[in-house]
Amino acid sequence: MSTFGKLFRVTTYGESHCASVGAIIDGCPPGLELSAQDIQTQLSRRRPGQSDLTTPRNEKDLVHLQSGLEMGVTLGTPIALLVKNEDQRPHDYTETDLYPRPSHADYTYLEKYGIKASSGGGRSSARETIGRVAAGAIAEKYLKIAYGIEIVAFVSSVGKIHLPSTLAPPSLTPINADENDDEVQDALSKEFVDLLSNITRDEVDKLTTRCPHPETSEKMTQRIIRAKNAQDSIGGTVTCVIRNVPAGLGEPVFDKFEAELAHAMLSIPATKAFEIGSGFRGTEVPGSKHNDAFVSDDSGRLRTTTNWSGGIQGGITNGEHIYFRIGFKSPATISQAQQTAQYDGTPGTLAARGRHDPCVVPRAVPIVEAMAAIVVMDQLLAQNARKTAASLLPPITTLPPTMVIPKKK
């Protein structure tokens, strides 16, 4: 469906070449100061035409707030917003009347609905993500003010070009190849821990690839340009960190925090993979090495000495940084002639026109951040509702020690 979330509900609408795209956000708390510029900053990071590495489609992507605010303050009622499509070229897609584009959604949408948008990708187009990014910007503002929560994503690979191993997520760090040797280094190098703790969006945006490592970024740039010049495309990965999330978020058992994150991330167009914390690397490490031991910090709060878990244990946040990685496939729409078949099965050659990204990961960064914000917001509202309801009950003093957190001596 087109709605995500339970208490913070985001419904997006629109196709790639219709009059507008947008969203209705239901569940935003009242009293939040909000302006169009709060949303525009993230939309401008997502918009096409930012550099030679993205699609040349020229859209301003200016947001128009329609409801849910008065005098710049949220009312607690549904917020409606829209962004006009201004640079459509439906004539670029006449060949798709006969051919379903390979690995695109043309065929599957027809099988599902018996009808499809005649141009572009329709609802499967990345234009749909405008509503998500706008909604995520609203969630982020609340999360930052109320909890100090920070969300930063960055490009960690393009094709076979990855961040250096010291800056890479756990599944990309070297591991002892000896199958009988269980000695492993920590999944998180000091450099990667520092990156997760300190990386900012300003640093990410300094380079057009949105990779925070200049030497690697330059290699990524050349790889994307090579794909573009060959009328081809290339995939990559985005890594994201969420900082200052309170412990206790996540709903057992089917709405675990990482399950909701996976749902959110894999709903983004072109995604093919998701891993959190140690990810697939964790499958090769004994429990004695993988377990995150607890330690008390200066304030008496329990922390973990390592973070293989990625900030989530038992589907519930533990207060550590949450970090995860998403894999994006090479964009399906390319200008190379491809041997394929028409809808009636007749073999033929398709040379797609239209404007497309040779690599989606630089523009996917704010989309990942937005979906992460929506998940955190939804889970926070659920936990706060539970805690508020429980706080109205008289305290119970007869529970055994095994059922409560022990009092500090």
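The values are calculated or read from the model by the stated rules, or taken from the named source; none is laboratory data. Predicted, not measured: the structure shown is a model, and the values here were computed from it. Cβ atoms come from the backbone with ideal geometry, glycine included; neighbour counts cover every protein chain shown. When the accessible area is computed, the model is the full protein with side chains, heavy atoms only, and any ligands, DNA or RNA have been set aside. Shrake-Rupley method; radii C 1.70, N 1.55, O 1.52, S 1.80 Å.
Annotations for the structure displayed:
- For THR237, net neighbour charge (Lys/Arg +1, Asp/Glu -1) across residues whose Cβ lies under 13 Å away: +4
- Helical mean residue ellipticity (222 nm; -39500 (n - 2.57) per DSSP H run of 4+; nearest 500) of the chain: -8500 deg cm²/dmol
- Trypsin sites (Lys or Arg not before Pro) restricted to DSSP loop in region 303-371 with at most 15 other C-beta within 10 Å: ARG353
- Figure legend: label point modelled 7 angstrom from the Cα of TYR147 along Cα→Cβ; residues of region 243-264 with amide N under 11 Å from it are 243-250.
- Estimated Rh, region 237-283: Kirkwood, alpha-carbon pairs, angstrom: 12.2 Å
- Sequence-distant residues sharing a close amide H with VAL73 (under 5 Å, placed H): LEU34
- Cβ-based net charge around TYR147, under 13 Å, with every Lys or Arg adding one and every Asp or Glu removing one: +1
- Percentage of interatomic Cα-Cα distances in region 188-329 larger than 23 Å: 45 percent
- Relative to the longest principal axis of the Cα atoms of the chain, helix 129-147 runs at roughly 20 degrees.
- Using a probe of 1.4 Å, the accessible surface attributed to LEU143 totals some 0 Å² when neighbouring protein chains are kept in position.
- Percent carbon-and-sulfur accessible area, region 213-279, ignoring ligands, DNA and RNA, probe 1.4 Å: 54 percent
- Scattering curve values for region 92-162, log₁₀ I(q)/I(0), Debye with Cα scatterers, q = 0.22, 0.26 Å⁻¹: -0.94, -1.10
- Those residues of region 216-235 whose amide nitrogen sits under 17 Å from the label point placed on THR166, 7 Å along Cα→Cβ: 216-217
- Within a Gaussian network of the chain (alpha carbon springs, distance under 10 Å), most fluctuating of ALA389, ALA259, ALA139: ALA389
- Accessible area per residue for the chain, computed on protein heavy atoms with a 1.4 Å probe, is 49 Å².
- Answer label, with Rg and Dmax of the Cα atoms in Å calculated from the coordinates and candidates (i) 22.8, 78; (ii) 21.3, 73; (iii) 21.5, 63: (i)
- Whole-number D in µm² s⁻¹ for region 292-363, Kirkwood Cα-pair radius fed into Stokes-Einstein, 10 °C, 1.306 mPa s: 93 µm²/s
- Order of exposure, largest accessible area first, which applies to ARG223, ARG127 with probe 1.4 Å: ARG223, ARG127
- Gain on full extension, evaluated as 0.36 nm per residue between GLU111 and LEU392 minus their Cα-Cα distance, stands at 96.0 nm.
- Residues whose amide H falls under 5 Å from that of SER157, counting only those 5 or more places apart or on a different chain, are THR237, with hydrogens built in the peptide plane.
- Residues in region 192-204 carry Karplus couplings, in order, of 6, 4, 5, 4, 4, 7, 10, 4, 10, 5, 4, 5, 4 Hz; the curve used is 6.51 cos²θ - 1.76 cosθ + 1.60 with θ = phi - 60°, and Gly or Pro positions show x.
- In the context of the full protein assembly, GLU86 retains an accessible surface of approximately 100 Å², using a probe radius of 1.4 Å and ignoring ligands and nucleic acids.
- Sequence of SER67, SER156 when ordered by accessible area, the most exposed leading, probe 1.4 angstrom: SER67, SER156
- Heavy-atom SASA rank of ILE39, ILE276 (probe 1.4 Å, accessible area, largest first): ILE276, ILE39
- Restriction of the chymotrypsin sites (Phe, Trp or Tyr not before Pro) in region 321-403 to DSSP coil positions whose beta-carbon has at most 14 other beta-carbons within 10 angstrom yields TYR343.
- Sequence-ordered 3J(HN,Hα) estimates for region 151-161 from the Karplus curve with 6.51, -1.76 and 1.60 and θ = phi - 60° stand at 10, 9, 10, 8, 7, 10, 7, 9, x, 8, 9 Hz, glycine and proline given as x.
- Contact order relative to length of region 258-363, as percent, for alpha carbon pairs under 8 angstrom and 6 or more apart: 23 percent
- Protein accessible area in region 15-73, 1.4 Å probe - carbon and sulfur %: 52 percent
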